[in-house]
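Submitted below is the structure of interest, expressed as structure tokens.
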Amino acid sequence: TFINDSATGYQITHFQQVNTFPYLEDYETFTPGSPGTFVNLWEADPATGYRWQVNDGGTSSIGTGPEVDHTLGTATGIYVYAEASSGSQGDIAALTSPCIDLASISNPFMSFWYHMAGDEIGKLYLDVFDGTAWVNAVDSIIGTQQLEITDPWEQFNTSLLDYAGESIKLRFRVERGVGFEG
């Protein structure tokens with residue numbers, strides 16, 4: 001079964017679903033680069049300009065973080081981040097999960113780790129594709145959250161109870177702040 005979202009052009013394939021829980025994606029199988037290689041049915045859009053990028057070690061912009069990933073806590077650990085050296089204020093970049101089948105989950109939730117150090121951080125939104133349309137901003141984090149690149153990663157938890165029993169996709173949608181330190 002295929003469902004097309006006409007607003008974004010995303011095509012949802014229901015035969016390729018995550019249905020084993022807990023589901024964990026730590027990005028360690030992704031390949032660092034500009035933008036790098038996204039695998040395991042994760043998709044990043046756009047591929048140029050303000051975009052999601054796969055990285056290990058610190059970011060290329062001084063004063064933005066983190067220095068290391070959360071999972072391994074080393075410079076060789078892999079994470080994804082929104083690269084703000086290109087683009088303009090208000091540009092949007094999206095990182096979209098594979099389809100997730102919540103049919104067997106009675107109290108679904110999502111947990112992720114984030115690091116938002118930089119003087120010009122924009123906005124991070126969590127959106128849900130419910131099989132028909134994107135539900136924008138089911139949750140969000142706005143502005144600088146860590147003051148230093150060496151500050152620890154923070155954990156964010158949000159309920160997905162409204163989507164129990166459904167097949168969904170999750171989208172990290174970021175809006176670029178005023179400059180490269182975003």
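The values are calculated or read from the model by the stated rules, or taken from the named source; none is laboratory data. A quick note: this is a predicted structure, and the numbers were derived from the prediction, not measured. Cβ atoms come from the backbone with ideal geometry, glycine included; neighbour counts cover every protein chain shown. Keep in mind that these areas ignore ligands, DNA and RNA; they rest on the heavy atoms of the full protein, side chains included. Shrake-Rupley method; radii C 1.70, N 1.55, O 1.52, S 1.80 Å.
May I ask you to list the residues in the stretch 141-159 that are open to solvent by less than 50 Å² (accessible area, probe 1.4 Å) and within 16 Å of the chain's Cα centre (by Cα)?
Within the stretch 141-159, 141, 143, 153, 156, 158 qualify.
Hey, another quick one. Kindly evaluate residue 123 against the criterion of being open to solvent by less than 20 Å² (accessible area, probe 1.4 Å), within 13 Å of the chain's Cα centre (by Cα) and among the charged types (D, E, K, R). Lay out the reasoning, then the answer.
Numbers: open to solvent by less than 20 Å² (accessible area, probe 1.4 Å): no; within 13 Å of the chain's Cα centre (by Cα): yes; among the charged types (D, E, K, R): yes.
So residue 123 fails the test.
Test of understanding: among 48, 71, 132, which residue is surrounded by fewer than 18 Cβ atoms within 10 Å (Cβ to Cβ) and farther than 21 Å from residue 173 by Cβ?
On the way: 48 fails: farther than 21 Å from residue 173 by Cβ; 132 fails: farther than 21 Å from residue 173 by Cβ.
Unique residue meeting the criteria: 71.
Is at least one residue of the stretch 27-39 at pLDDT 95 or above, surrounded by fewer than 16 Cβ atoms within 10 Å (Cβ to Cβ), assigned to a loop (DSSP other than H, G, I, E, B) and acidic (Asp, Glu)?
Checked against the condition, which is being at pLDDT 95 or above, surrounded by fewer than 16 Cβ atoms within 10 Å (Cβ to Cβ), assigned to a loop (DSSP other than H, G, I, E, B) and acidic (Asp, Glu), the stretch 27-39 yields at least one hit.
Restricting attention to the stretch 67-86, which residues are outside any loop (DSSP other than H, G, I, E, B) and under 21 Å from residue 178 (Cα atoms)?
From the stretch 67-86, those outside any loop (DSSP other than H, G, I, E, B) are 78-83; that's our starting set.
Listed by number, the residues that qualify are 80, 81, 82, 83.
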